[in-house]
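Structure first, then comments.
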Amino acid sequence: EEHEILVVELGGTVGDIEGLPFMEAIRQMKHDDEVAGTFFVHVTLIPYIKAAGELKSKPTQHSVQELRRIGITPQMIIARSENPLPKTFKKKLAMSCDVPSDCVIEALDAKTIYDIPMTFLRQNILTPIAKSLDLEELNPDMQAWDILVKKIVQPKDKVVIGLVGKYLELKEAYKSLTESLIHCGAHLDTRVEINWIDSEELEERGAEEQLRDCDSVLVAGGFGSRGIEGKILAIEYARVNKIPYLGICLGMQLALIEYARNVLGLTGANSIEFDEDTQDPVIYLIDNFLDQSGGKQLRTHKSPMGGTLRLGEYPCDTKSGSLLCKAYNGEKTIFERHRHRYEANPTYRKKLEKAGMIVTGESDGLIETVEIKDHPWFLGVQFHPEFTSRLQTPNPAILAFVRASLSTE
């Protein structure tokens with residue numbers, strides 16, 4: 001209700017059966033809008049036939065025809081292409097798709113996706129949209145954005161971060177995280193180079209060989225026991241060699257396990273997610289849950305797991321003087337998003353803190369963040385800081401981590 005414009009993105013390919021219900025929904029949205037405040041933009045691919053040296057408009061023409069058949073008339077064409085579109089081609093595309101010439105927007109391949117808004121603005125993309133929606137002329141101040149984009153493309157410094165994960169066959173699984181590193185790199189005028197490290201390979205080859213060229217180590221979140229011991233080896237390497245470490249979600253939990261095993265001497269320390277019979281459940285499952293009516297339910301690791309995630313934004317109270325508190329500019333309470341089921345076991349807190357691993361963030365009695373006192377920069381967070389990072393407002397925890405990584409060069 002507080003917004004004037006709603007941007008709805010409908011992915012997929014025109015004509016796919018999976019997308020038809022959504023196509024019908026936006027058709028009806030246009031039909032039901034009494035003030036004609038709906039503007040359709042069609043993103044399409046312009047293939048280039050290298051052998052003939054030609055750009056082809058036929059696929060775009062056919063997709064527009066298919067859209068019209070189901071009752072949707074595009075008012076703007078955003079043409080994805082590897083090569084610049086000649087004026088004659090744009091004119092042909094405008095004529096065949098029945099859109100004004102200024103509504104054919106060129107979307108060339110870019111060095112970074114963050115340059116795309118600037119490319120669109122240079123083509124006055126907002127003018128026809130504002131006119132159609134009866135808005136005042138839109139002239140956003142993109143100077144700060146443009147400066148950050150230039151720092152992404154031509155940074156002064158470089159840092160190598162070893163990202164230890166187990167879903168590396170599909171790196172899109174870490175998309176939010178890798179983008180957040182780009183955001184932070186832009187603010188520090190630094191190219192963040194990611195050294196992708198498979199945690200299962202670490203188990204076989206050891207940490208020294210794969211991490212010695214990294215300025216810092218980042219262990220990302222995940223579920224399940226596969227590759228866990230490799231991640232623990234990476235954490236031990238970062239702790240012993242005193243290089244910056246950031247553990248996110250599972251990365252924090254494994255930092256607790258590693259410390260309990262190798263510093264406290266609890267060699268069997270584990271999470272009940274991986275070992276139900278562990279004698280030292282440093283990570284455990286909270287057994288008291290509240291159901292939708294507010295009643296208490298007793299659950300164990302053998303209970304059905306449906307609906308038991310701690311999901312969404314929660315407050316975290318920070319410890320004064322900690323790395324966490326400094327990263328967030330002294331904020332006493334921060335708010336971050338979560339997606340996990342298992343928690344750090346408070347039973348081991350006193351032993352851990354006595355040995356040097358301190359709790360620096362809490363949420364309603366739950367351990368949110370941990371640090372190591374005699375380590376230059378070691379932070380484990382139960383939340384997912386990457387979820388709140390944006391180019392102009394990078395997440396403070398990740399920004400502090402990248403800054404610390406720079407200092408080790």
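Worth pointing out:
- Residue within region 116-127 that is touching a residue at least 24 places away in the same chain (Cβ under 8 Å), in the same structural domain as residue 81 (by TED's automatic domain parsing) and polar (S, T, N, Q) present: yes
- Any hit, region 5-14, residues being touching a residue at least 40 places away in the same chain (Cβ under 8 Å) and among the small types (Gly, Ala, Ser): no
- Tally of residues being under 16 Å from residue 261 (Cα atoms) and either surrounded by fewer than 20 Cβ atoms within 10 Å (Cβ to Cβ) or without any contact (Cβ under 8 Å) to a residue 40 or more places away in the chain (or both) across region 345-357: 8
Here is a yes/no grid of residues against (1) within 30 Å of residue 84 (Cβ to Cβ); (2) modelled with pLDDT under 85; (3) part of a loop (DSSP other than H, G, I, E, B); (4) not assigned by TED's automatic domain parsing to the domain that holds residue 84:
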{"residue": "1", "(1), (2), (3), (4)": "no, yes, yes, yes"}
{"residue": "7", "(1), (2), (3), (4)": "yes, no, yes, yes"}
{"residue": "11", "(1), (2), (3), (4)": "yes, no, yes, yes"}
{"residue": "28", "(1), (2), (3), (4)": "no, no, no, no"}
{"residue": "35", "(1), (2), (3), (4)": "no, yes, yes, no"}
{"residue": "64", "(1), (2), (3), (4)": "yes, no, no, no"}
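- Of the residues making up region 372-409, those that are more than 23 Å from the chain's Cα centre (by Cα) and within 21 Å of residue 269 (Cβ to Cβ) are 372, 373, 374, 375.
- Filter result for residue 111 (assigned to a helix (DSSP H, G or I), over 21 Å from residue 5 (Cβ atoms), touching a helix residue (DSSP H, G or I) at 6+ places or on another chain (Cβ under 8 Å) and of a type outside the set (A, V, I, L, M)): no
- Counting only helices (runs of 4 or more DSSP H) wholly contained in region 121-235, the ones carrying 1 or more residues that are within 24 Å of the chain's Cα centre (by Cα) occupy 143-153, 175-187, 199-205, 207-211.
- Of 391, 366, all but one fail to be more than 19 Å from residue 232 (Cα to Cα) and either at pLDDT below 95 or crowded, with 22+ Cβ neighbours inside 10 Å (or both); the exception is 366.
- Within region 42-92, being hydroxyl-bearing (Ser, Thr, Tyr) and within 20 Å of residue 129 (Cβ to Cβ) holds for 44, 60, 73.
- Taking the criterion of being assigned to a helix (DSSP H, G or I) and among the basic types (Lys, Arg), the residues of region 66-108 that qualify are 68, 69, 87, 90, 91, 92.
- Selected residue (criterion: farthest from residue 180 (Cα to Cα)) from residues of region 82-115 that are under 32 Å from the mean Cα position of the chain (by Cα) and free of Cβ contacts under 8 Å to residues at least 12 places away in the same chain: 110
The values are calculated or read from the model by the stated rules, or taken from the named source; none is laboratory data. Every value quoted in this text rests on a predicted model; they were computed, and no experiment measured them. We place every Cβ from the backbone using ideal geometry, glycine too, and count neighbours over all the protein chains shown.
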